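Reviewing the structure listed below.
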Amino acid sequence: MADPNVVKVFHAARQDVEIFWKLTGRVPAPMFDTQVAAMVCGYGDQVSYSELVQSVCKVTLDKSSRFTDWARRPLAPAQIEYAIGDVTHLRDVYRALLAQLDKSGRRAWLDDEMKVLTSAATYEQNPEHAWERFKTRARKPRDLAVLMDLAAWRESEAQLRDVPRARVLKDDVLIEVALAAPRTREALANLRAFPRGMERSKAGDEIIAAVERGLARDPRALPRIVRERRNGGGSAATVELLKVLLRQVSDESGVASKMIATVDDLEAIAADDGPTCRRCRVGGASCSASVRCNSSAAISRSPSNGGRSSRSSGARATPRRRAIRDVARRAFLCRQESRRVLWPHPESVA
């Protein structure tokens, strides 16, 4: 798995690779994820392995053993057959998708995604940073303080017990506890989503202790609260328009919509009042680069990129960025046309 000359082929690699990371401290590379490649090749969002094998190899897999007890030994013959079938066709699927990527010139799209999957930072789970997944849910400093300690406790507990986080405490319960900040067992039990009886357990006491630690934090030392993006005015309608146009661009280009833009990307475009660059606003002159200026800048500032520019201003336009610009351009033209029809210039009204 560590040989850089051997390509490791997975389907939906994230969870599998996380196991390798935890056991060895290394991430297999180079890597090829057939699910991601299928999205680039137009097979839709998150296509399953069995659907992909059926489409590419014309083979129907028996998935009846998928939800059986795999911890029980010995494995049943049907389970063994299922496990073999789960990897038998990966090589053929890999070759077919690679050929499609090369033919369409979209191999670079996949390379960008594989950089994320092969990065150790993707799998590092530091309890002290666990709160960042929910940072937009904190309305005030006290909420954030409790959330930080509560999320750290859950992450540490999940790692200690080697179970999914939801097995320790579900996300919605975690948020409810953080916002309510209960300091007694009775207050914890009164929360609507909190599991009944858990307040009397060791975990209940540890949750209350985490709340107390959070309340004891110095508000001045807390990170800045990130507000949830709220679409005001016509922004919500613009986002809906962008979703329709994104679907159209996705269908025309044969690429899954998630590979072109996320909802955060669309909201970032909608947040700007029309794709115009600074020169257009100041001088009123027509700018042939107007759509490119605003849409690409909005994307680079989107929350999915952590609020930072993902590329330098001089970076070449990738196929993904060109597709995003196409969505922004179409949205701008549709919006301008709707304004012309619904709000004509006063001089044109009889």
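Structure notes:
- Scanning region 184-194 for residues that are part of a loop (DSSP other than H, G, I, E, B) and closer than 25 Å to residue 136 by Cβ yields 191, 192, 193, 194.
- Any pair with Cβ under 9 angstrom, 6 or more apart, that starts in region 65-76 at a residue that is touching a residue at least 12 places away in the same chain (Cβ under 8 Å) and ends at one that is part of a loop (DSSP other than H, G, I, E, B) and loosely packed, with under 10 Cβ neighbours inside 10 Å: none
- Boolean, residue 192 is closer than 19 Å to residue 170 by Cβ and either in contact with a strand residue (DSSP E or B) (Cβ under 8 Å, 6 or more places away or on another chain) or not hydrophobic (A, V, I, L, M, F, W, C) (or both): yes
- Selection within region 101-139 - assigned to a loop (DSSP other than H, G, I, E, B) and over 19 Å from residue 211 (Cβ atoms): 105, 106, 118, 119, 123, 124, 125, 126
- Among the criteria (1) farther than 17 Å from residue 122 by Cβ; (2) not in a loop (DSSP other than H, G, I, E, B), the one residue 22 does not fulfil is (1).
- Annotation for region 84-100: at least one member residue is among the β-branched types (Val, Ile, Thr), surrounded by 13 or more Cβ atoms within 10 Å (Cβ to Cβ), in a helix (DSSP H, G or I) and without any contact (Cβ under 8 Å) to a residue 24 or more places away in the chain.
- Unique residue being modelled with pLDDT of 95 or more and closer than 19 Å to residue 140 by Cβ when the list is 216, 209, 221: 216
- Unmet requirement for residue 34, which otherwise passes all of (1) surrounded by fewer than 17 Cβ atoms within 10 Å (Cβ to Cβ); (2) among the polar types (S, T, N, Q); (3) at pLDDT 95 or above: (1)
- Filter result for the condition that a residue is basic (Lys, Arg), under 29 Å from residue 10 (Cα atoms), not assigned by TED's automatic domain parsing to the domain that holds residue 16 and not in a loop (DSSP other than H, G, I, E, B), over 154, 167, 142: 167
- Applying a threshold of 6 Å to beta carbon distances and a minimum spacing of six or more residues, or different chains, the list of pairs starting in region 7-21 at a residue that is closer than 16 Å to residue 159 by Cα and ending at one that is crowded, with 19+ Cβ neighbours inside 10 Å reads 20/28; 21/27.
- Number of residues in region 96-112 that are more than 12 Å from residue 38 (Cα to Cα), touching a helix residue (DSSP H, G or I) at 6+ places or on another chain (Cβ under 9 Å) and of a type outside the set (S, T, N, Q): the value is 3.
The values are calculated or read from the model by the stated rules, or taken from the named source; none is laboratory data. Treat the numbers as computed from the prediction; the structure is a model and nothing was measured. Reconstructed Cβ throughout: ideal geometry from the backbone, glycine too, with neighbour counts over all protein chains shown.
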